[in-house]
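The values are calculated or read from the model by the stated rules, or taken from the named source; none is laboratory data. Fair warning: this is a prediction, and the values are worked out from it, not measured in the lab. A quick note on method: Cβ atoms are made from the backbone with ideal geometry, for glycine too, and the neighbour counts reach across all protein chains shown. Accessible surface areas use protein heavy atoms only, side chains included; no ligands, DNA or RNA. Shrake-Rupley method; radii C 1.70, N 1.55, O 1.52, S 1.80 Å.
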Amino acid sequence: PLPAGVEPAALLGGKAAGLAVMARDLGLPVPPGFVATTSVCREYLADGWPAGLDDELRGRLAWLGEQTGRGFGSTDNPLLVSVRSGAPVSMPGMMDTLLNVGMTPAIRERLADQSGDAEFAADTWLRFNRMYAEIVLNAPRDEIAGISIHDGTARGMLGTAERVRAAARAFGGIPDDPFEQLKGAISTVFASWECDRARTFRAKEGIAAGLGTAATVQAMVFGNLDD
């Protein structure tokens, strides 16, 4: 339950507030998730990564594991998540959705075993690396796209992913630790509130600069896995 008098979108962002209505009020099968709220974003923008946020995230990830029967960072039954921004009001120019957060080579191999589809696992790995390089590390999209061409085979996609990872090292590198990947994604969501496009849109539309944006973390589902 939200604090008295707090509008859901003001705290959770518009996306998560809508998902809450779908899940709680309408009973729709929304993938489980949690929110790093706009208040956390404001704290981050003012003073950096908040003290205690690591522990809160680990607690929420444990809850998400209970809901899904999977473990974030687990090589036994891995849980991957998506991370997306959600401002209190609709705003173009914020961070793009980041998929497959939590990937590692060992987890990629486990996905291949669980699904029986090596190409699906390789595609999931490649998508994660490309998105992380472009969105979190801010590597030039044209450069990453130029080295992301492959022949559609698992071997081709794995080779492409390694080229992307090599190029990403010039921009800080893609973390091997799933938890550090998540922190990088959430930080990027929060920082996108102050990107040039967001500032320009707020000034044009008269949106208050102090609202902040939320980061929604949800269990991944894979529409490209099977029929």
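Worth pointing out:
- Elements of type helices (runs of 4 or more DSSP H) contained in region 150-221, each with 2 or more residues being in contact with a Cys (Cβ under 9 Å, 6 or more places away or on another chain) and within 15 Å of ILE135 (Cα to Cα): 178-192
- Within region 158-169, being touching a residue at least 24 places away in the same chain (Cβ under 8 Å) and not aliphatic (A, V, I, L, M) holds for THR160, ARG165.
- Boolean, ALA23 is farther than 12 Å from THR216 by Cα and either modelled with pLDDT of 95 or more or of a type in the set (Phe, Trp, Tyr) (or both): no
- Residues satisfying the criterion are absent from region 121-137 (criterion: open to solvent by 40 Å² or more (accessible area, probe 1.4 Å) and in a loop (DSSP other than H, G, I, E, B)).
- Identity of the residue in region 170-227, aliphatic (A, V, I, L, M), within 30 Å of GLY116 (Cβ to Cβ) and touching a residue at least 60 places away in the same chain (Cβ under 8 Å), that ends up surrounded by the fewest Cβ atoms within 10 Å (Cβ to Cβ): VAL221
- Screening region 1-116 for helices (runs of 4 or more DSSP H) wholly inside it with 1 or more residues that are buried (at least 20 other Cβ atoms within 10 Å of the Cβ) and at positive phi returns the ranges 8-20.
- Close pairs from region 37-57: first under 14 Å from SER85 (Cβ atoms), partner open to solvent by less than 30 Å² (accessible area, probe 1.4 Å) and aromatic (Phe, Trp, Tyr), Cβ under 8 Å, at least 6 apart: VAL40/PHE190; CYS41/PHE190; CYS41/TRP193; TYR44/PHE190; LEU45/PHE190; LEU45/TRP193
- Screening the candidates PRO31, PRO50 for the property of being touching an Asp or Glu at 6+ places or on another chain (Cβ under 6 Å) and under 23 Å from MET95 (Cα atoms) yields one hit, PRO50.
- Any hit, region 125-146, residues being in contact (Cβ under 8 Å) with a residue 60 or more places away in the chain and out of contact with any Asp or Glu (no Cβ under 7 Å at 6 or more places or on another chain): no
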